[in-house]
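Below is one structure; the comments refer to it alone.
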Amino acid sequence: MLREIYNQEYSEINDSTPQWVLLVNVVRQLRKLCPWDRKQTHASLRHLLIEEAYETVEALDQRDMKELSTELGDLLLQIILHSVIAEEAEQFDLADVIAATIDKMVRRHPHVFGQVHVSGVEEVLRNWESLKAKERKGRSVLSGVPAGLPALLSAYRMQEKAAGVGFDFPNRESTWAKVEEEIQEFKTAASEDERESEFGDLLFALVNYARKNQINPEDALRTANRRFRIRFEYVEANVPDMKAAKLEELDLHWEASKCQG
């Protein structure tokens, strides 16, 4: 049924056609008739896929549901564009993408679609990693972490996956002890290269401590960045010539900015 619906031609579209099929056919028409869309490739669209993903996250961070709806649409458009390009090359199409995703979700949730019983979230995550390990067929447990992830998020995801197979600190206290150890090693680093290396180890250890406290460090830092931007812009608005201002004046406005959010 999914394949029959998906294979509708643009000329066959009517009021009963599902919206997602209409969108696929709109993209097909664009690929045929619009010079810009016709020119695009998987490679040329990469930066737009990344951009739309970040704009979606920004809407989430701002809790702007109207904007989130818009950005999810833009992100969906990128997915369909890639699927239609692959369809033209007879590699796969959106129906294949949807079918594979359905199969994966059912397979990896035996506690929902099968007879497996779980005690809670932790066991669900362990089962998920166990099922993924069987699918990897000998590949590293870290192979599922994309190389292009932001470094902070990459560290967090690698630590999560390593912990999923038992490679982890036993508790938060031992994780914090590692942070303190890395701080000391950074302080005593003798060269610029060594300082950079030790600082990386320190950040990695802090990510581990965040994970042990159920904090996603990427989200936490993004929130801190947004908070800094709001407060700094408040200072800018109240001190026209920041370079000429004394630090005490800047600090006074900085403290005042905290009352603004």
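The values are calculated or read from the model by the stated rules, or taken from the named source; none is laboratory data. Everything quoted here is computed from the prediction, not taken from an experiment. Heads up, the Cβs are rebuilt from the backbone with ideal geometry, glycines too, and the neighbour counts pull from every protein chain shown. We work out accessible area using only protein heavy atoms, side chains counted, and drop any ligands, DNA or RNA first. Shrake-Rupley method; radii C 1.70, N 1.55, O 1.52, S 1.80 Å.
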Net charge over other residues, Cβ less than 12 angstrom from the Cβ of residue 181 (K, R count +1; D, E count -1) | -3
Of the accessible area of region 158-219, with the probe set at 1.4 angstrom, what percent is carbon plus sulfur?
-> 54
Could you tell me which chymotrypsin sites (Phe, Trp or Tyr not before Pro) in region 111-177 are loop residues by DSSP with no more than 14 other beta carbons within 10 angstrom of their beta carbon?
-> 167
Descending semi-axes in whole angstrom, ellipsoid equivalent of region 7-119, from the Cα gyration tensor = 28, 21, 15
Tilt of helix 247-257 relative to the longest C-alpha principal axis of the chain, in degrees (0 to 90, nearest 10)?
-> 50
What area, in nm² and to one decimal, does the C-alpha convex hull of region 20-73 cast on average over all directions?
-> 4.3
With 29 Å as the limit, write out which pairs from 161/258; 187/212; 39/134; 66/258; 134/212 have Cα-Cα distances beyond it, or answer none.
-> 161/258; 39/134
Computed over the chain, protein heavy atoms only, probe 1.4 angstrom, the accessible area per residue in square angstrom equals 68
In degrees between 0 and 90, to the nearest 10, how far off the longest principal axis of the chain does helix 19-33 point, with axes built from Cα atoms?
-> 90
Would you mind working out the magnitude of the charge dipole of the chain relative to its Cα centre, with +1 at each Lys and Arg C-beta and -1 at each Asp and Glu C-beta, to the nearest 20 Debye?
-> 740
Under 9 Å, Cβ to Cβ, from residue 129 - net charge with Lys/Arg +1 and Asp/Glu -1 = +2
How large is log10 I(q)/I(0) at q = 0.17 Å⁻¹ when the Debye formula is applied to the Cα atoms of the chain, each weighted equally and without solvent?
-> -1.39
DSSP loop (so not H, G, I, E, B), at most 16 other Cβ within 10 Å: list which chymotrypsin sites (Phe, Trp or Tyr not before Pro) in region 184-249 pass both filters.
-> none
Scan the chain and report its longest stretch carrying no trypsin sites (Lys or Arg not before Pro) that are both in a DSSP loop and have at most 14 other Cβ atoms within 10 Å.
-> 140-242
